[in-house]
1. Go through Trp138, Leu168, Thr14 and say which Cα lies farthest out towards the positive end of the charge dipole of the chain; charges sit on Cβ, +1 for Lys and Arg, -1 for Asp and Glu.
2. Helix 123-133 sits at what angle to the longest principal axis of the chain, using alpha carbons and giving 0 to 90 degrees rounded to 10?
3. Go through segment 56-122 and name the trypsin sites (Lys or Arg not before Pro) that are in a DSSP coil and have 14 or fewer other Cβ atoms within 10 Å of their Cβ.
4. Taking the chain as the reference, fit the longest principal axis to its C-alpha atoms, fit the long axis of helix 80-101 to the helix C-alpha atoms, and give the angle between the two in degrees, 0 to 90, nearest 10.
5. State to the nearest 20 debye the size of the charge dipole of the chain about its Cα centre, where the only charges are +1 on K and R beta carbons and -1 on D and E beta carbons.
6. Return one number: the angle in degrees, 0 to 90 and rounded to the nearest 10, between the long axis of the Cα atoms of helix 137-165 and the longest principal axis of the Cα atoms of the chain.
7. Tell me, in nm to one decimal, what length is gained between Ala22 and Ala36 on full extension, where the rule is 0.36 nm per residue of separation less the Cα-Cα distance?
8. What distance in nm lies between label points placed 7 Å from Cα along the C-beta direction at Lys108 and Ile166?
Amino acid sequence: MDNQMKKIRSVHWTTDEIAKMAMVAALYVVVTVFLAPFSFGQVQLRVAEMFNFLALYNKRYVWSVTIGCAIANIASPNGIIDVVVGSVCTFFVLLICRKVSAFFTDMKVKIAITTLLFAFSMFTVAGQLTFLYQMPFWLNWGYIAVGEFLSMAIGGIFLYQVGQKIDLTK
């Protein structure tokens with residue numbers, strides 16, 4: 001039991017790993033903020049969501065994408081609620097995607113599953129918009145889910161191609 005606890009507590013990232021994590025978080029922020037008119041609102045096409053797929057290659061990217069999402073959401077017109085809800089949701093959906101996709105070996109299948117799970121998870125953003133602006137939940141969810149699906153599908157194709165040329169597991 002003592003060795004097991006040491007394994008759980010001893011997560012040591014190298015300087016190289018931390019630099020990669022910081023780079024992904026920074027890219028998420030830059031892409032989201034640069035494309036802010038498309039990244040926030042009732043209809044979203046958040047291109048930076050493609051970085052969600054990196055968590056399928058290496059678990060350290062769960063943290064970097066979550067941190068990137070939290071920092072990027074500071075620019076959201078919905079304020080702190082988007083920072084908290086968005087990043088917490090991203091964190092848990094990334095963990096779920098890693099668990100579910102672990103049952104499959106084909107990266108295309110993992111990407112498809114992750115795309116669908118993230119599109120489905122947009123009920124959290126729809127809930128925020130309903131709460132903040134008294135907009136119809138189902139309509140919000142539809143718009144946000146379609147935007148997320150498109151962002152993830154396009155990003156998934158792109159990152160799959162990158163993953164064919166570069167080892168993203170390292």
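Derivation of every value follows stated rules applied to the coordinates shown; laboratory data play no part. Please read all numbers here as calculations on a predicted model, not as lab measurements. Positions of Cβ are generated from backbone atoms using ideal geometry, with glycine treated the same way; all protein chains shown enter the neighbour counts.
1. Farthest towards the positive pole: Thr14.
2. Around 40 degrees separate the two axes.
3. Details: sites: Lys59, Arg60, Arg98, Lys99, Lys108, Lys110; in loops: Lys59.
Those that pass, being in a loop and sparsely packed, are Lys59.
4. For helix 80-101, the angle is close to 50 degrees.
5. Numbers: 13 positive and 8 negative charges, 97 e Å.
With Lys and Arg at +1 and Asp and Glu at -1, about 460 debye.
6. Helix 137-165 sits at roughly 40 degrees to that axis.
7. On the way: separation 14, 0.36 × 14 = 5.04 nm, distance 2.06 nm.
Computed gain between Ala22 and Ala36 is 3.0 nm.
8. So the label points at Lys108 and Ile166 sit 2.3 nm apart.
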